[in-house]
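Colleague: So that we are looking at the same thing, I have put the structure below in structure tokens.
The values are calculated or read from the model by the stated rules, or taken from the named source; none is laboratory data. Everything numeric in this text was worked out from a predicted model, so none of it was measured. Glycine gets a Cβ as well: all are built from the backbone with ideal geometry, and neighbour counts include every protein chain shown. Remember, those area values only see protein heavy atoms, side chains included, never the ligands or the DNA or RNA. Shrake-Rupley method; radii C 1.70, N 1.55, O 1.52, S 1.80 Å.
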Amino acid sequence: PLHMGAGSAVGAIDNPIQREVHSQHPVINGAGIKGAIRHHLTQAWGAEGSSAIKELFGAESGADELHAGAVSFTDAQLVAFPVRSLKNTFVYVTCPYVLGRLKRLAVSAGEKVDWDVPRLEPGQALCASDGALSEGKLFLEAYEFTKAPGDMAAKISDWLARHCLPANGDHAFFRDKITKDLFILDDTDFSYFVKHATVVEPHVRMDDATGTAADGTLFYIDNLPPESIMVGLILSSIERTKGKAAGDRRSAKDGLRLLFRGDGEKRAGVGGSLVQMGGDATTGRGLVLVQPVEKEN
């Protein structure tokens, strides 16, 4: 589970997750992603990598010479949301609105997209395969959906599996699950699940003297469920460190290569790594696999 906090709330959930105002879909703020990746690389690269960290992310506040970093981060938007199903334990669900934004984002980054955004009616589900259907219907939580005609979900699930997980055998099971268990719902049906099927956990502080819950300390925390798939952009510019000639500054492409791939044995990049994001790190929350979609050129 991932808790990217949005502060306190008036409702039953004391600590909600970040959500877009217009859609109420879960989102990971770009500033939080940048801070988490910076912290990860600072710990991994150590003191010897401090200059590279400043080049990529900018100088710390209060430094003698302030400058912006070479990389910048957009918010991470929701692509596929895991929902409990009658068969196959859980399935991935998405919707036309989400897929439309995913396609727009991918095309803007120069990635080829060979599928179209489908249209559905409420109560319908476009299926990548029939493996999770029971008597021809999809059962999610307490709701049932009829199978919509068409094979576009299979094309989208194949594209998504190839892009969101590494190609090695360690992730073969979940690449296969995305390929088989992706379902596209109507925008309204999808919005219900992303609003009401998150992981809500009760927390309480114990009184050390009595061994019981301290008075008034029960609170509820919202979490993005495990196996959620998010997407965002990382943008890069030429290095902005002061005092360097233009020819000595790291290029935008070299900055991205350093961030994702590292520079050999000394420093490993963040590509394919688990990065801790959000709160409750000491209880194993927020382990995110960062998978870049790269081109050799």
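Colleague: Residue by residue through region 110-122, note down the ones that are of a type outside the set (D, E, K, R) and surrounded by 13 or more Cβ atoms within 10 Å (Cβ to Cβ).
Modeller: V113, W115, V117, P118, L120 - these are the residues of region 110-122 that are of a type outside the set (D, E, K, R) and surrounded by 13 or more Cβ atoms within 10 Å (Cβ to Cβ).
Colleague: Have a look at V83, V27, V93 and point out the one that is farther than 18 Å from F260 by Cβ, buried (at least 20 other Cβ atoms within 10 Å of the Cβ) and under 13 Å from the mean Cα position of the chain (by Cα).
Modeller: The conditions single out V27.
Colleague: Now for a separate question. Going by the conditions given, is P226 more than 30 Å from G69 (Cα to Cα), at pLDDT 90 or above and outside any helix (DSSP H, G or I)?
Modeller: In short, yes.
Results for (1) among the aromatic types (F, W, Y); (2) open to solvent by less than 50 Å² (accessible area, probe 1.4 Å); (3) touching a residue at least 24 places away in the same chain (Cβ under 8 Å), shown as yes or no for each residue.
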position	(1), (2), (3)
D187	no, no, yes
T217	no, yes, no
S228	no, yes, yes
V231	no, yes, yes
V290	no, yes, yes
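Colleague: Out of the residues in region 175-185 meeting the condition of being part of a helix (DSSP H, G or I) and either among the aromatic types (F, W, Y) or within 22 Å of R119 (Cα to Cα) (or both), tell me which one is least open to solvent (accessible area, probe 1.4 Å).
Modeller: I178
Colleague: Follow-up. Within the set of pairs 6+ apart or on separate chains, which have a first residue in region 264-284 that is surrounded by fewer than 17 Cβ atoms within 10 Å (Cβ to Cβ) and of a type in the set (A, V, I, L, M, F, W, C), a second that is modelled with pLDDT under 95 and not in a helix (DSSP H, G or I), and C-beta atoms under 7 Å apart?
Modeller: Pairs found: A268/G262.
Colleague: Follow-up. Taking into account only those residues within region 133-174 that are acidic (D, E) and within 23 Å of L102 (Cα to Cα), which is surrounded by the fewest Cβ atoms within 10 Å (Cβ to Cβ)?
Modeller: D151
Colleague: Has region 47-61 got any residue that is modelled with pLDDT of 90 or more, β-branched (V, I, T) and loosely packed, with under 12 Cβ neighbours inside 10 Å?
Modeller: Scanning region 47-61 turns up no residue that is modelled with pLDDT of 90 or more, β-branched (V, I, T) and loosely packed, with under 12 Cβ neighbours inside 10 Å.
Colleague: Looking for whichever is under 30 Å from T179 (Cβ atoms), surrounded by fewer than 18 Cβ atoms within 10 Å (Cβ to Cβ) and at pLDDT below 95 here; the options are E20, E65. Which one fits?
Modeller: E20
Colleague: Out of all the residues in region 200-216, is one or more under 29 Å from V290 (Cβ atoms) and at pLDDT 85 or above?
Modeller: Checking region 200-216: at least one residue is under 29 Å from V290 (Cβ atoms) and at pLDDT 85 or above.
Colleague: Here's a check for you: in region 193-215, which residue that is touching a residue at least 12 places away in the same chain (Cβ under 8 Å) and more than 30 Å from P122 (Cβ to Cβ) is surrounded by the most Cβ atoms within 10 Å (Cβ to Cβ)?
Modeller: Per the stated criteria, the residue is E201.
Colleague: Kindly indicate whether D222 is among the acidic types (D, E) and under 24 Å from the mean Cα position of the chain (by Cα).
Modeller: Considered against the rule, which asks whether it is among the acidic types (D, E) and under 24 Å from the mean Cα position of the chain (by Cα), D222 comes out as yes.
Colleague: Okay, moving on. Looking at G35, G100 in this structure, which one is over 19 Å from V275 (Cα atoms), within 21 Å of the chain's Cα centre (by Cα), open to solvent by 10 Å² or more (accessible area, probe 1.4 Å) and without any contact (Cβ under 8 Å) to a residue 40 or more places away in the chain?
Modeller: Checking each option against the conditions leaves just G100.
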